[in-house]
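Remarks on the structure that follows.
The values are calculated or read from the model by the stated rules, or taken from the named source; none is laboratory data. Every value quoted in this text rests on a predicted model; they were computed, and no experiment measured them. We place every Cβ from the backbone using ideal geometry, glycine too, and count neighbours over all the protein chains shown.
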Amino acid sequence: AQSVTQPDIHITVSEGASLELRCNYSYGATPYLFWYVQSPGQGLQLLLKYFSGDTLVQGIKGFEAEFKRSQSSFNLRKPSVHWSDAAEYFCAVGAPSGGYQKVTFGTGTKLQVIP
Amino acid sequence: GAVVSQHPSWVICKSGTSVKIECRSLDFQATTMFWYRQFPKQSLMLMATSNEGSKATYEQGVEKDKFLINHASLTLSTLTVTSAHPEDSSFYICSVETGHSYEQYFGPGTRLTVT
């Protein structure tokens with residue numbers, strides 16, 4: 001079965017600074033990888049996804065993520081953080097399970113942005 | 001993507017009563033919907049996969065007689081928490097699978113508090 005690890009529970013960055021959120025996955029083959037953002041009172045929003053091809057994936061809101069097979073990682077990055085980026089970020093992996101498609105989420109990283 | 005709504009957004013019920021949560025796909029005919037449960041400061045845990053016109057598939061450890069799922073149409077799935085207890089208090093989130101490589105779109109969630 002697949003699993004996802006987000007080692008950082010909470011991260012604080014200054015507005016305008018760069019950001020990297022870590023994500024490691026466990027799965028025998030190349031999985032489908034996702035990053036979602038959850039803001040208070042709102043549903044999860046898909047930031048970006050990786051299925052195949054170029055390992056550097058561009059998403060919405062200026063986010064990008066890089067798939068590194070050798071490290072089983074799919075880290076999320078943003079060159080300059082805005083105060084509105086404060087939210088909870090979830091990495092997720094999709095893979096077949098029990099005959100259907102299943103998405104497993106990491107425990108999330110809460111991002112705090114300080115002025 | 002798909003736009004997903006949930007109703008109610010917040011509900012309080014007394015212990016021993018039942019409560020129904022609706023999940024609607026507003027602009028997409030969804031044959032598959034998912035129900036998740038999210039505890040405070042924790043990740044989303046898949047409860048069940050809801051398939052239109054057939055019985056839901058429950059994850060291991062989820063009581064199917066307690067969490068009744070009905071996916072009667074391509075735009076509506078319901079989750080009924082029967083004989084609710086305080087430990088059922090949680091944030092319940094539904095999602096719609098669009099059929100494109102595990103991509104899911106999420107509702108805003110329903111906060112259930114059982115007193």
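Structure data summary
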read-out: Out of A:VAL93, A:VAL113, sole residue that is among the β-branched types (Val, Ile, Thr) and modelled with pLDDT of 95 or more; value: A:VAL113
read-out: Test result for A:GLN45, under 29 Å from B:TYR92 (Cα atoms), of a type outside the set (Val, Ile, Thr), within 14 Å of chain B (Cβ to nearest Cβ) and surrounded by fewer than 17 Cβ atoms within 10 Å (Cβ to Cβ); value: yes
read-out: Failed condition for B:SER43, given (1) of a type in the set (Ser, Thr, Tyr); (2) at pLDDT 90 or above; (3) within 24 Å of A:THR109 (Cα to Cα); value: (2)
read-out: Matching entry among A:SER3, A:SER26 (being within 13 Å of another protein chain (Cβ to nearest Cβ) and either surrounded by fewer than 17 Cβ atoms within 10 Å (Cβ to Cβ) or touching a helix residue (DSSP H, G or I) at 6+ places or on another chain (Cβ under 6 Å) (or both)); value: A:SER3
read-out: Leading residue by the ranking (surrounded by the fewest Cβ atoms within 10 Å (Cβ to Cβ)) among those in region A:84-115 that are of a type in the set (Val, Ile, Thr) and more than 14 Å from chain B (Cβ to nearest Cβ); value: A:ILE114
read-out: Test: residue in region B:59-76 that is within 11 Å of another protein chain (Cβ to nearest Cβ) and either without any contact (Cβ under 8 Å) to a residue 24 or more places away in the chain or more than 13 Å from the chain's Cα centre (by Cα) (or both); value: yes
read-out: Selection count where residues are more than 11 Å from B:SER95 (Cα to Cα), within 12 Å of chain A (Cβ to nearest Cβ) and either in contact (Cβ under 8 Å) with a residue 60 or more places away in the chain or assigned to a loop (DSSP other than H, G, I, E, B) (or both), scope region B:18-52; value: 7
read-out: Residue under evaluation A:ALA17, criteria (1) outside any strand (DSSP E or B); (2) within 30 Å of B:SER25 (Cβ to Cβ); (3) modelled with pLDDT of 95 or more, criterion not met; value: (2)
read-out: Index of the failed condition, A:GLN45 passing every other in (1) at negative phi; (2) part of a loop (DSSP other than H, G, I, E, B); value: (2)
read-out: Which listed residue is modelled with pLDDT of 95 or more and not hydroxyl-bearing (Ser, Thr, Tyr), from A:GLY59, A:GLY41, A:GLY53, A:GLY28; value: A:GLY59
read-out: Identity of the residue in region A:1-14, in a loop (DSSP other than H, G, I, E, B) and in contact (Cβ under 8 Å) with a residue 60 or more places away in the chain, that ends up nearest to B:TYR102 (Cα to Cα); value: A:GLN2
read-out: Residues within region A:5-32 that are touching a Ser or Thr at 6+ places or on another chain (Cβ under 8 Å), of a type in the set (A, V, I, L, M) and over 20 Å from A:LEU56 (Cα atoms), tallied; value: 3
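Quick grid of which residues meet (1) surrounded by 12 or more Cβ atoms within 10 Å (Cβ to Cβ); (2) touching a residue at least 60 places away in the same chain (Cβ under 8 Å); (3) among the aliphatic types (A, V, I, L, M):
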{"residue": "A:PHE34", "(1), (2), (3)": "yes, yes, no"}
{"residue": "A:GLN58", "(1), (2), (3)": "no, no, no"}
{"residue": "A:GLU66", "(1), (2), (3)": "yes, no, no"}
{"residue": "A:LYS78", "(1), (2), (3)": "yes, yes, no"}
{"residue": "A:HIS82", "(1), (2), (3)": "yes, yes, no"}
